[in-house]
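Reviewing the structure listed below.
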Amino acid sequence: MKRIGVLTSGGDAPGMNAAIRAVVRKAIFHDMEVYGVNYGFQGLINGDIKKMELGSVGDIIQRGGTMLYSARCEEFKTEEGQQKGIESLKKFGIEGLVVIGGDGSFMGAKKLTEKGYPCIGVPGTIDNDIPGTDFTIGFDTALNTISEAIDKIRDTATSHERTYIIEVMGRDAGDLALWAGLADGAESVLIPEAEDTIEDVVDRLRRGHERGKRHSIIIVAEGVGSGVDFAREVEKRADLETRVTVLGHTQRGGSPSASDRVLGSRLGASAVDLLLSGSAGRMVGIEKNEIVNHDILEVLEQKHTIDLDMYRLSKELSI
Ligand code: F6P
C-alpha cells in the first residue's frame, strides 16, 4: 500500500488531532503518502481531499476539535453516496482509509471495506460507547471538563440550600455521567443502563437533608432524559428548590488531556500498521492498556455495556 487517506466523522472529540497526526507521521515514516479528507464522508463524496505532509500536522496535538473537520453524512448511508465516495478514492489513488469516529462512522468504513477499499476504524467519541475498547478518544477530556464544571457548581452550591441537577452528554450511554458522579462525589447519578427511579433519588435527597445536608448534586445522563424535566419532577415530589445546568457542547471542546493525546497517538499509529499488514475492516482499541483490534462488524453488532460495579460503588460512597 502506497497511498492512504484519513478522515474524522460524526461528533468531534478532543484527541482526534493527535490521532490524525499519528496517522500522517506513521504513514510517512513508512514511505507512504497520506491524504486528508475534510468533513468526513461528506468530504469524500465531494472530493474535498488534500495531500498531507509532515508539517501539515505540526502544532495540532494540543488542540481540541479536528483539523480535518467533521460531519454527520446521511448521503453516505446510500449506495449512491458510497459510489461517489469510491470515485473520489479512485481519483486520488487512495488504497486504504483510516476512519476516526464513532459507530455511525464505522458503518461507512464497513461499507467501503466490503466494496474493496480497506478501512480501519479508530474510536473517537466523548461518549465511550464503543464495544471492543476500554476507552474512546475524547472521553477522558470530556470527563475532566465535566468535573471542573461541577467543582465550580459545588462552590456556589455550598452557599445555597438547593438541589443542583447537571445534565451531561453520552448519547445512549451513561459512562460520562457515572465516571463524573464518582469523580465529583455526586449524591445521585441517573444513567440509562440502571433502573433508578425518581422515588429512589427523592428518598436519597430526603435522607441527606435529614442528616443536615444543605445541598445536593445530581448528574443526569442525557440518555435518561432532560435534566430540566427531571428537576421539575424533583421540585414537585420533594418540595426542594432546584437549579439545572446543561453542560452541552462545552463537553466536546477544549485542549485534549494527556491521556487522550497518548491514546490518539497509539491508536492512530496502530491503524496505519494494520493497513500496512494488509488488514481490512478492523477497529483498533485499547484493552487493559494493550492495543488490540477487532472485526468492525463484530464491534457494530455488540452492545456497549457499563461497569455496574462502579455504579454500585457510586451509590455506596454517596450513602
Ligand atoms: O456523540 C457525541 C455527542 O456529543 C453525544 O454525546 C451527543 O448526544 C451528540 O454527540 C450531540 O450531537 P450534535 O453535536 O450533532 O448535536
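The values are calculated or read from the model by the stated rules, or taken from the named source; none is laboratory data. Worth saying up front: this structure is predicted, and the values here are computed from it rather than measured. A quick note on method: Cβ atoms are made from the backbone with ideal geometry, for glycine too, and the neighbour counts reach across all protein chains shown. Surface accessibility is based on the protein's heavy atoms, side chains included, excluding ligands, DNA and RNA. Shrake-Rupley method; radii C 1.70, N 1.55, O 1.52, S 1.80 Å.
Determine, yes or no, whether residue 80 is open to solvent by 30 Å² or more (accessible area, probe 1.4 Å), over 16 Å from residue 6 (Cα atoms) and away from the ligand (no atom under 16 Å from the Cβ).
yes
Determine which single condition residue 181 fails, assuming it passes every other condition in (1) outside any helix (DSSP H, G or I); (2) open to solvent by less than 20 Å² (accessible area, probe 1.4 Å).
Going through (1) outside any helix (DSSP H, G or I); (2) open to solvent by less than 20 Å² (accessible area, probe 1.4 Å) one by one, residue 181 breaks only (1).
Kindly indicate whether any position in segment 195-202 is under 12 Å from residue 177 (Cβ atoms), of a type in the set (A, V, I, L, M) and touching a residue at least 12 places away in the same chain (Cβ under 8 Å).
So in segment 195-202, the residues under 12 Å from residue 177 (Cβ atoms) come out as 196.
From the residues that got through so far, the ones that are of a type in the set (A, V, I, L, M) too are none.
Checking segment 195-202: not a single residue is under 12 Å from residue 177 (Cβ atoms), of a type in the set (A, V, I, L, M) and touching a residue at least 12 places away in the same chain (Cβ under 8 Å).
Of 241, 210, which residue is free of Cβ contacts under 8 Å to residues at least 40 places away in the same chain and over 20 Å from the mean Cα position of the chain (by Cα)?
Among 241, 210, only 210 is free of Cβ contacts under 8 Å to residues at least 40 places away in the same chain and over 20 Å from the mean Cα position of the chain (by Cα).
Kindly provide the set of residues from segment 84-126 that are within 16 Å of the ligand (Cβ to nearest atom) and not aliphatic (A, V, I, L, M), ordered by number.
101, 102, 103, 104, 105, 106, 108, 121, 123, 124, 125
Name the single residue that is nearest to the ligand (Cβ to nearest atom) among those in segment 153-178 being assigned to a loop (DSSP other than H, G, I, E, B) and open to solvent by less than 10 Å² (accessible area, probe 1.4 Å).
170
Pairs please, first residue from segment 77-105 and more than 25 Å from residue 65 (Cα to Cα), second anywhere and of a type in the set (D, E, K, R) and buried (at least 17 other Cβ atoms within 10 Å of the Cβ), Cβ atoms under 6 Å, 6+ apart in sequence or on different chains.
That search, which allows pairs on different chains as well, returns 82/111.
For segment 236-319, list the strands (runs of 3 or more DSSP E) that sit wholly inside it and hold at least 2 residues that are touching a Pro at 6+ places or on another chain (Cβ under 8 Å) and of a type outside the set (Val, Ile, Thr); which are they?
282-287
Being charged (D, E, K, R) and exposed (fewer than 13 other Cβ atoms within 10 Å of the Cβ) is the filter here; which residues of segment 188-202 pass it?
195, 199
Could you go through segment 58-74 and let me know if any residue there is out of contact with any Ser or Thr (no Cβ under 8 Å at 6 or more places or on another chain) and crowded, with 22+ Cβ neighbours inside 10 Å.
No, segment 58-74 contains no residue that is out of contact with any Ser or Thr (no Cβ under 8 Å at 6 or more places or on another chain) and crowded, with 22+ Cβ neighbours inside 10 Å.
Name the single residue that is surrounded by the fewest Cβ atoms within 10 Å (Cβ to Cβ) among those in segment 208-227 being more than 16 Å from the ligand (Cβ to nearest atom) and part of a helix (DSSP H, G or I).
210
What is the residue count in segment 7-18 for residues that are under 22 Å from residue 85 (Cβ atoms) and more than 16 Å from the ligand (Cβ to nearest atom)?
Total satisfying the criteria: 1.
Look at residue 130 and say whether it is closer than 24 Å to residue 70 by Cβ, more than 11 Å from the ligand (Cβ to nearest atom) and open to solvent by less than 30 Å² (accessible area, probe 1.4 Å). Explain how you work it out, then say what you get.
Working: closer than 24 Å to residue 70 by Cβ: yes; more than 11 Å from the ligand (Cβ to nearest atom): no; open to solvent by less than 30 Å² (accessible area, probe 1.4 Å): yes.
No, not satisfied.
Does segment 76-83 contain any residue that is modelled with pLDDT of 95 or more and under 23 Å from residue 141 (Cα atoms)?
no
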